[in-house]
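Asker: This is the structure I have questions about; it appears just below.
The values are calculated or read from the model by the stated rules, or taken from the named source; none is laboratory data. None of these values were measured; they are calculated from a predicted model. So basically every Cβ, Gly included, is an ideal-geometry build from the backbone, and we count neighbours across all protein chains shown.
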Amino acid sequence: MPRGVGRIGRELRPELVWTKVANVPPAKANSSRAGVASIFDVARRAGVSTATVSRVLNGNTSVGSDLVARVGQAVKELNYSPNRVARSLRLRHNRVWALVISDIRTGPFFADVVRGVEDVAYEAGYSMFLCNADEDGGKEAGYLQLAAAENVAGVVLTPSGPGTDLTPVLEAGIKVVLADRRLPGRQADTVITDNVLAASDAVGHLLANGYRRIACITGPLTTSTASERLLGYRAALEACAVVPDVALTRSADFREEGGLLAMRELLSARPRPDAVFVANNRMTAGALQAVEEAGLSVPGDLAVVGYDEVPWAPLLRTALSTVSQPAYEIGHESARLLLHRIGGYAGAPRTVVLPTSLNIRASSAPRSTLPGSGPGPGPGRQSRAGARRRAAR
Ligand code: HPA
């Protein structure tokens, strides 16, 4: 079956219950059925977004007169006629949600969020299509336009950053719930965890276990999750009168590659960090690879606390301490709020904050319990592997 958002859009039929992964940039795939112009054709001809076309066609007065003229011209040239009967049918019967996730590969975290949404949707007789925005604002915007053009009943979104524009969906009257990440200034129901608190607990635990040169690898600072985890890291250090060293913080990409590169750099700092707090599971995997490459050991040379529980965290050679988030519940609660809105709830936007927990394991063991720990200078303390390497030099 050909992949593409346009095809998926055409296949969105209100009477069908289906779940679909849409993972193709919308721009490539919005072609119309042969001979019949679609809203995408009009948008392309006029050089505007589908949301603008729909605003013009709905008589929205906020659109500038030059855009109105361009859209009008394109409509005329393409002989475009929005199918009002089909539209009204869709309006009344659309049983589909769009779920726009920032990076589906952040497993199992986002997979669990998706599953939480799906369980509620399925129970309530909705299906959903899944869009992977890939931390890319442009791709995300395309998917939101698609959701508006398809007039889905609701959208659950993990926004890519402050540039995320909900206008196309909100103007189409579509209900939106934000999951996992806040959108500053945007009034929408939101389900999150307290990232500042969770990060400061994790770093506070490292401090309590005797670590002092604690590094932090966070994600893209445009995302609320990354910036709040960095805030929590700093708050914990400050609460212990440890002055945060900017040389010990990195903002990476929430992926393995970013974690690897950031950790390599951090390991070259002198004095070397004695611990690291890493703000998601993919970057933690990359950071652990860098530690391994450098021939260092955890926690002997470097204590580690990751973010997001992964099923294999306790199974690693050195079991990994993690901040565990209720990913399934984030999705489930987001979907419940969405259902409530679709059902007509018109109260003020709500923010639900779900609790996290800190799983303390061997990777952040107290310094005092580590082999070779003694009264000597902290960061110079070495693991047996480190001692072997030095002896071999
Ligand atoms: N991004 C990446 N990974 C994550 C996030 C996020 O917002 N939250 C939990 N893990």
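Asker: Just wondering, is there one or more residues in segment 108-128 that are touching a residue at least 60 places away in the same chain (Cβ under 8 Å), within 16 Å of the ligand (Cβ to nearest atom) and not in a helix (DSSP H, G or I)?
Answerer: Checked against the condition, which is being touching a residue at least 60 places away in the same chain (Cβ under 8 Å), within 16 Å of the ligand (Cβ to nearest atom) and not in a helix (DSSP H, G or I), segment 108-128 yields at least one hit.
Asker: Do we have D194 as within 16 Å of the ligand (Cβ to nearest atom) and surrounded by fewer than 24 Cβ atoms within 10 Å (Cβ to Cβ) here?
Answerer: Spelling it out, D194 is indeed within 16 Å of the ligand (Cβ to nearest atom) and surrounded by fewer than 24 Cβ atoms within 10 Å (Cβ to Cβ).
Asker: I'm trying to understand the selection: among the residues of segment 129-155, which are closer than 30 Å to S62 by Cα and within 14 Å of the ligand (Cβ to nearest atom)?
Answerer: Matches in segment 129-155: A133, E135, D136, E140.
Asker: Tell me which of these A285 doesn't satisfy, since it passes every other one: (1) buried (at least 24 other Cβ atoms within 10 Å of the Cβ); (2) of a type in the set (A, V, I, L, M, F, W, C); (3) touching a Gly at 6+ places or on another chain (Cβ under 9 Å).
Answerer: (1)
Asker: If you take the residues in segment 213-235 that are aliphatic (A, V, I, L, M), in a helix (DSSP H, G or I) and more than 10 Å from the ligand (Cβ to nearest atom), which one is surrounded by the most Cβ atoms within 10 Å (Cβ to Cβ)? Working first, answer last.
Answerer: Start the filter on segment 213-235 by keeping residues that are aliphatic (A, V, I, L, M), which leaves 214-215, 217, 221, 226, 230-231, 235.
Subset that is in a helix (DSSP H, G or I): 226, 230-231, 235.
Checking which are more than 10 Å from the ligand (Cβ to nearest atom) leaves us with 230-231, 235.
Numbers: L230: 24, L231: 15, A235: 17.
Here the answer is L230.
Asker: With the requirement that a residue be more than 17 Å from S334 (Cα to Cα) and out of contact with any helix residue (DSSP H, G or I) (no Cβ under 7 Å at 6 or more places or on another chain), what does segment 156-169 give you?
Answerer: The answer is P162, and nothing else.
Asker: Now a separate question. Taking the stated definitions as given, is E238 within 16 Å of the ligand (Cβ to nearest atom) and among the acidic types (D, E)?
Answerer: no
Asker: Is it fair to say T167 is within 16 Å of the chain's Cα centre (by Cα) and either at negative phi or crowded, with 22+ Cβ neighbours inside 10 Å (or both)?
Answerer: no
Asker: Here's something else I'd like to know. Read through the list (1) free of Cβ contacts under 8 Å to residues at least 40 places away in the same chain; (2) among the hydroxyl-bearing types (S, T, Y); (3) assigned to a strand (DSSP E or B), then give the number of the only condition that T164 fails.
Answerer: With (1) free of Cβ contacts under 8 Å to residues at least 40 places away in the same chain; (2) among the hydroxyl-bearing types (S, T, Y); (3) assigned to a strand (DSSP E or B) applied to T164, the lone miss is (3).
Asker: Ok, one more. Out of all the residues in segment 339-368, which are over 30 Å from D180 (Cα atoms) and at pLDDT 95 or above?
Answerer: P366, R367, listed by residue number.
Asker: Is segment 263-276 home to any residue that is within 30 Å of I104 (Cβ to Cβ), in the same structural domain as E309 (by TED's automatic domain parsing) and within 16 Å of the ligand (Cβ to nearest atom)?
Answerer: Taking every residue of segment 263-276 in turn, none turns out to be within 30 Å of I104 (Cβ to Cβ), in the same structural domain as E309 (by TED's automatic domain parsing) and within 16 Å of the ligand (Cβ to nearest atom).
Asker: Being assigned to a loop (DSSP other than H, G, I, E, B), hydroxyl-bearing (S, T, Y) and under 27 Å from D119 (Cβ atoms) is true for just one of Y345, Y328. Which residue is that?
Answerer: Going through Y345, Y328 in turn, just one is assigned to a loop (DSSP other than H, G, I, E, B), hydroxyl-bearing (S, T, Y) and under 27 Å from D119 (Cβ atoms): Y345.
Asker: Return yes when A147 is at pLDDT 90 or above and over 21 Å from the mean Cα position of the chain (by Cα) and no when it is not.
Answerer: No; evaluated as a whole, the condition is false for this residue.
Asker: Across segment 304-349, which residue is surrounded by the fewest Cβ atoms within 10 Å (Cβ to Cβ) among those that are within 13 Å of the ligand (Cβ to nearest atom), under 22 Å from A262 (Cβ atoms) and of a type outside the set (D, E)?
Answerer: Going through the qualifying residues, I end up with V310.
Asker: Let me ask something additional. So which of E140, E118, E135 ends up being crowded, with 20+ Cβ neighbours inside 10 Å, among the acidic types (D, E) and touching a Phe, Trp or Tyr at 6+ places or on another chain (Cβ under 8 Å)?
Answerer: E135
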